[in-house]
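First the structure, in the form of structure tokens, and then the observations on it.
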Amino acid sequence: PEESVTSSFASFIHAVRPEHLSKTVRHRSKRMILDSIGVGLVGSTTPVFDIALQYCQLYSPVAVSSVYGKPGVKLSPTLAAFTNGVATHSMDFDDTWHPATHPSGAVLPALLAASQMLPPSTKPNGMDFLLAFNVGLEVQGRLMHFSTEAHNIPKRFHPPSVVGTMGSAAATAKLLSLSSTQCANALGIAASLAGAPMANAATQAKPLHIGNATRLGFEAALLAARGMEANPLILDDIPGCSGFSAFYSVYQPKPLSTPSDHHEFLLEKQDIAFKRFPAHLGMHWVVDAALSVRNLFINYAGSFSPSLIRAIVLKIPVSKYINRPFPSSEHQARHSFQFNACTALLDGEVGLSSFTESNIHRQELRELLDKVMVEHPEDNVANFDKMYGEVALLLHSGDVLTGKCDTFYGHWRKPLSKESLLKKFRSNASHVLPQPKIETIITMVNNLENLPDSSQL
């Protein structure tokens, strides 16, 4: 067919040009790239990353692409993308968008690996790289807006394993300068490689969702470049024959207009959420609420004294996989409203060290967790744009102290400052890189439009 939703997406991917990126879009996407690299670098220190790397080193005969945090170690391009994707999500520290997904981790590792894969005569420059990255973001965002289901915290599948795979395919197709037909085929192939169930949240398997998204989307583009075909209506709603609609109970696709001087990227309309500590995004509401009520408690009692607390009431949205009263592993702890609220109350902060085994199994933390009760107010919906977190301390004296957060610092409505983002990046990167290299990366990303060879990144 000449006109379809799928063909409109393919035409957009093929035709969009650097001049279509506004100053705001370039600024926001460079912040995402810098944050994602930092998260990937600190993620390369985790056990799940080591497992992924050891696996990939069994199958990497053409080793040309770099691995986060491992100087001198290279893998084949798609396996490097996979490994770096796992690193990015290994601590659940990567950015989040709305509707809910982790957009950068599913795209950036593929582009980094592809840049190193291409021969010297065809290396993409920094602007090509930035454009491809934004193509990957735009495709993810547009696909999520096709379904009202996507706006809420997921129940069935992990969104980046679906839309992230499609975004990686689109971004890589753009970086490889595929034709419009090849772009359509890349999307069609990617749809057959997408999807992961939410049951694997809070386990070591969850980071594989990002690793697979960036790798499999990359592979879809490579297959399309070599002539593999797929359904040309994969994004369209065809009665009786599910394409991408198989992932959503409600699916109403719309064409993506051909880029023009007036095209507005979704990133222009809505900023991204950056996490201040490595845990599921929902945790950031209850942590800020807990820190607020902790301050009230200290003003009330002079210090934080758990013995004065009779009960702790959390008012949170209904979401089964992040309602975990007594987490027993780091990955469960990163997905537990109760753990993060009580850690913030006890320590006055939540950070990298909060999720070590010794901190998770502290007796004083367990005693606080025993006091937690959960309520689900009807107005607190499982939606990252509308939810709130509330923490109430019911004291033995009969007094009640309450802290509430409806927009945490780092949310797209309350973005991290430049200083906060740089502090996070420097802290994360310092786990594996010396200071001069850290500053070089910051400078390179800030001036990405002028980078002659994106593989330098």
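Residues are listed down the side, and each one gets a yes or a no for (1) within 14 Å of the chain's Cα centre (by Cα); (2) within 23 Å of Met444 (Cβ to Cβ); (3) open to solvent by 10 Å² or more (accessible area, probe 1.4 Å):
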position: Gly85; (1), (2), (3): yes, yes, no
position: Asp94; (1), (2), (3): yes, yes, no
position: Pro109; (1), (2), (3): yes, yes, no
position: Leu112; (1), (2), (3): no, yes, yes
position: Leu118; (1), (2), (3): no, yes, yes
position: Leu130; (1), (2), (3): no, yes, no
position: Glu138; (1), (2), (3): no, no, no
position: Lys155; (1), (2), (3): no, no, yes
position: Ala190; (1), (2), (3): no, no, no
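Filter region 347-368 for residues that are of a type outside the set (S, T, N, Q) and more than 28 Å from the chain's Cα centre (by Cα) and give the result. If the condition is that a residue be of a type outside the set (S, T, N, Q) and more than 28 Å from the chain's Cα centre (by Cα), then Arg362, Glu364, Leu365, Arg366, Glu367, Leu368 are the ones that fit.
Restricting attention to region 288-334, the residues that are assigned to a helix (DSSP H, G or I) and either surrounded by fewer than 16 Cβ atoms within 10 Å (Cβ to Cβ) or out of contact with any Gly (no Cβ under 8 Å at 6 or more places or on another chain) (or both) total 16. Pairing each residue of region 409-423 that is more than 23 Å from Gly389 (Cα to Cα) with any residue that is acidic (Asp, Glu) and surrounded by 14 or more Cβ atoms within 10 Å (Cβ to Cβ), provided the two are 6+ apart or on different chains, yields C-beta distances under 9 Å for Leu421/Asp35.
For region 238-278, filtering for residues that are assigned to a loop (DSSP other than H, G, I, E, B), farther than 20 Å from Ser417 by Cα and among the aliphatic types (A, V, I, L, M) leaves 2. Here is the figure for region 53-77: residues that are buried (at least 24 other Cβ atoms within 10 Å of the Cβ) and touching a residue at least 40 places away in the same chain (Cβ under 8 Å) total 3. Number of residues in region 176-193 that are more than 12 Å from Ala213 (Cα to Cα) and not in a helix (DSSP H, G or I) equals 4. Pairs meeting the criteria (first residue in region 265-276 and farther than 14 Å from Leu34 by Cα, second residue open to solvent by less than 10 Å² (accessible area, probe 1.4 Å) and among the hydroxyl-bearing types (Ser, Thr, Tyr), beta carbons under 7 Å, at least 6 apart or on different chains) are Leu267/Ser29.
Could you tell me whether Met32 is touching a residue at least 40 places away in the same chain (Cβ under 8 Å), within 30 Å of Gln270 (Cα to Cα) and open to solvent by 10 Å² or more (accessible area, probe 1.4 Å)? Break it down into steps so the answer makes sense when it comes.
Working: touching a residue at least 40 places away in the same chain (Cβ under 8 Å): yes; within 30 Å of Gln270 (Cα to Cα): yes; open to solvent by 10 Å² or more (accessible area, probe 1.4 Å): no.
Answer is no for this residue.
For region 349-377, which residues satisfy the criterion of being outside any helix (DSSP H, G or I) and open to solvent by less than 40 Å² (accessible area, probe 1.4 Å)?
Taking region 349-377 as the starting set, the residues that turn out to be outside any helix (DSSP H, G or I) are 349-351, 356, 361-362, 370-377.
Result: Val350, Gly351, Arg362, Val372, Pro377.
Return yes when Val400 is open to solvent by less than 30 Å² (accessible area, probe 1.4 Å) and over 22 Å from Ala201 (Cβ atoms) and no when it is not. So Val400 does not fit the description; no.
Among the residues making up region 335-348, a single one is without any contact (Cβ under 8 Å) to a residue 40 or more places away in the chain and either more than 23 Å from Ala311 (Cβ to Cβ) or open to solvent by 10 Å² or more (accessible area, probe 1.4 Å) (or both): Asp347. Hey, any hits in region 17-40 for a residue that's within 23 Å of Leu222 (Cα to Cα), of a type in the set (Lys, Arg) and in contact with a Ser or Thr (Cβ under 8 Å, 6 or more places away or on another chain)? The answer is no, given that none of the residues of region 17-40 is within 23 Å of Leu222 (Cα to Cα), of a type in the set (Lys, Arg) and in contact with a Ser or Thr (Cβ under 8 Å, 6 or more places away or on another chain). Say we look at region 243-271 and pick out the residues that are of a type in the set (A, V, I, L, M) and open to solvent by less than 50 Å² (accessible area, probe 1.4 Å); which of these is farthest from His151 (Cα to Cα)? In this case the residue turns out to be Leu256.
Within region 428-457, being touching a residue at least 40 places away in the same chain (Cβ under 8 Å) and hydroxyl-bearing (Ser, Thr, Tyr) holds for Ser454, Ser455. Tallying residues that are open to solvent by 20 Å² or more (accessible area, probe 1.4 Å) and without any contact (Cβ under 8 Å) to a residue 60 or more places away in the chain within region 164-181 yields 1. Looking only at residues in region 212-228 that are of a type outside the set (A, V, I, L, M) and at pLDDT below 95, the one that is farthest from Ala114 (Cα to Cα) is Gly227.
Here is a yes/no grid of residues against (1) within 24 Å of Pro317 (Cα to Cα); (2) out of contact with any strand residue (DSSP E or B) (no Cβ under 9 Å at 6 or more places or on another chain); (3) β-branched (Val, Ile, Thr):
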| residue | (1), (2), (3) |
| --- | --- |
| Thr343 | yes, yes, yes |
| Ser354 | yes, yes, no |
| Asp370 | yes, yes, no |
| Gly389 | yes, no, no |
| His396 | no, no, no |
| Thr402 | yes, no, yes |
| Asn446 | no, yes, no |
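Yes or no: region 68-90 includes at least one residue that is assigned to a loop (DSSP other than H, G, I, E, B) and touching a Pro at 6+ places or on another chain (Cβ under 6 Å). Yes: one or more hits.
The values are calculated or read from the model by the stated rules, or taken from the named source; none is laboratory data. Just so we're clear, the structure is a prediction, and the values are computed from it rather than from any experiment. So basically every Cβ, Gly included, is an ideal-geometry build from the backbone, and we count neighbours across all protein chains shown. With ligands, DNA and RNA removed, areas are computed over all heavy atoms of the protein, side chains included. Shrake-Rupley method; radii C 1.70, N 1.55, O 1.52, S 1.80 Å.
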